[in-house]
Amino acid sequence: MARQIKTIGVMTSGGDSPGMNAAIRAVARACSYYNVKCIGFYRGYQGMIDNDYCEMTARSVRNIISAGGTILKSARSKEFRTPEGRKKAADNLKAIGVDAMVLIGGDGTFRGGQVFSQEYDIPVIGVPGTIDNDIAGTNYTIGYDTALNTVVEAIDKIRDTASSHDRLFFVEVMGRDAGFIALNSGVGAGAEEILIPEEDLGLDRLLESLKRSKRSGKSSSIVVVSEGDKIGKNVYQLADYVTDNLPDYDVRVTVLGHMQRGGSPTCFDRTLASRLCVKAVELLLDGEADIMVGLLNNKIVATNFEKGLEGDHSINKELLRISDILSV
Ligand code: F6P
């Protein structure tokens, strides 16, 4: 028989993402609906180690669904990577009476949850919250849609000035080792070239493409570069390389950086966060553990951590072909 869950803890960990507050709200409200106590830990795993927490009620999460960032704050805890750190966290949870945890974060958070659940008999469920969209157990992570819209809006503005001055802009976007943001925002913003870690187009091809653009009558261009691009040069070196080889181009670089992680979440991210977190609480109450919840083909699906982290989650290479056709 499944053990009785009387108290559920929740935390946000890793790089923050828009929609984390909507996720916290959904956990707290679902707990309240099912008459379960909810405890929020500050700064992810570090708060579990430091015993830094607050009780969350349905009312304590009022008006946060539209807010960016995370009211519980976030961190990447080095201490939790040690057995001693995890023991402190487990001892604290037991002492406060937390029976299970909802972990909102990205791959690092899930890896921590996986190890923790192997070592201690405390059920955990992961909810994917990261702008990178790099988790296999879901088609979309919370925050990715908002980040895409932020990037497209920024590139639209960059295009205005690029066009006024006949310039070529390299725009670097986030995504660590994943090209989801670059690829989708690149297509959405009509970029001339998109450079992502999953596909090494090579420098020659980039030069060829830019020459072709000039010949076809384009006076300005946008190249979206993922921060994890594997072409062998960072965005500034790329810009210098192009300037050296194509002196006709007036090249500029914009690194969008952390602004991509802020802002009010889109309706898609709020709804996704709400659906995933209600399900996470329900699964814990049903005795499930050590899984993540995700949206696969528009259904909320539970996947074990291993598959959720290591499974196939490749970028849609068809989008590269579409981009090539449309940047003619
Ligand atoms: O994982 C989210 C992310 O924003 C990545 O896209 C990026 O590489 C990284 O976090 C940046 O981390 P930090 O906030 O530590 O600079």
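Which one, Val281, Val301, Val27, has the greatest fluctuation when you compute a Gaussian network model over the chain with C-alpha springs under 10 angstrom? The residue with the greatest mean-square fluctuation here is Val301. Considering only Tyr33, Leu320, Val102, and ranking their Cα positions along the charge dipole of the chain that arises from unit charges at the beta-carbon of Lys, Arg, Asp and Glu, the one farthest toward the positive end is Tyr33.
Of all beta bridges that DSSP places with both ends in segment 1-149, some 20 percent have antiparallel geometry. Using alpha carbons only, the radius of gyration of the chain set against its Kirkwood radius gives Rg/Rh = 1.05. Return the unpartnered cysteines for the chain, using a Cβ-Cβ cut-off of under 4.7 Å. Lone cysteines by the Cβ rule: Cys54, Cys267, Cys277.
Converting phi to 3J(HN,Hα) with the Karplus coefficients 6.51, -1.76 and 1.60 and the offset θ = phi - 60°, segment 107-115 yields 4, x, 4, 5, 4, x, x, 4, 5 Hz in sequence order, with x at every glycine or proline. Just the protein heavy atoms count here, and of the accessible area of the chain at 1.4 Å, carbon and sulfur take up 46 percent.
Of the chymotrypsin sites (Phe, Trp or Tyr not before Pro) found in segment 231-304, none is in coil by DSSP with at most 13 other Cβ atoms within 10 Å of its Cβ.
Within the same chain, lysines fewer than 8 places from Lys157 are excluded, and of the rest, those with a Cα less than 21 Å from its Cα are Lys218. Indicate the gyration tensor shape class of segment 19-148 (rounded, prolate or oblate), computed on the Cα atoms with a ≥ b ≥ c the square roots of the eigenvalues: a/c under 1.5 is rounded; otherwise a/b larger than b/c is prolate and the rest oblate. Verdict is oblate for segment 19-148. Taking the DSSP beta bridges with both ends in segment 1-83, the antiparallel portion is around 50 percent.
For the chain, the 222 nm mean residue ellipticity estimated from helices alone, with every DSSP H stretch of n ≥ 4 adding -39500 (n - 2.57) and the total spread over all residues, rounds to -13000 deg cm²/dmol.
In the chain, the DSSP beta bridges split such that about 25 percent are antiparallel, to the nearest 5. The 3J(HN,Hα) values that the Karplus relation (6.51, -1.76, 1.60; θ = phi - 60°) gives for segment 269-278 are, in residue order, 5, 5, 5, 4, 4, 5, 5, 5, 7, 4 Hz. Gly and Pro appear as x. Ignoring lysines fewer than eight residues from Lys307 along the same chain, the ones with Cα atoms less than 20 angstrom from its Cα are Lys279, Lys299. For segment 1-134, the solvent-accessible area with a 1.4 angstrom probe is 41 square angstrom per residue. The charge dipole of segment 225-278, taken about its Cα centre with unit charges on the Cβ atoms of Lys, Arg (+1), Asp and Glu (-1) only, comes to about 480 debye.
Ligands, DNA and RNA are left out, and with a 1.4 angstrom probe the accessible area of segment 152-291 is 44 Å² per residue. Overall, the chain carries a charge dipole of about 980 debye about its Cα centre when +1 sits on the Cβ of Lys and Arg and -1 on the Cβ of Asp and Glu, all other atoms neutral. Peptides 98-105, 153-160, 65-72, ordered by how many other C-beta atoms sit within 10 Å of their residues on average, highest first, read 98-105, 65-72, 153-160. Using only side-chain charges placed at the Cβ, +1 for Lys and Arg and -1 for Asp and Glu, the dipole size of segment 1-145 relative to its Cα centre rounds to 400 debye.
The values are calculated or read from the model by the stated rules, or taken from the named source; none is laboratory data. Computed from a predicted model, the values in this text were never measured in an experiment. Glycine also receives a Cβ, built like all others from the backbone with ideal geometry; neighbour counts cover every protein chain displayed. When the accessible area is computed, the model is the full protein with side chains, heavy atoms only, and any ligands, DNA or RNA have been set aside. Shrake-Rupley method; radii C 1.70, N 1.55, O 1.52, S 1.80 Å.
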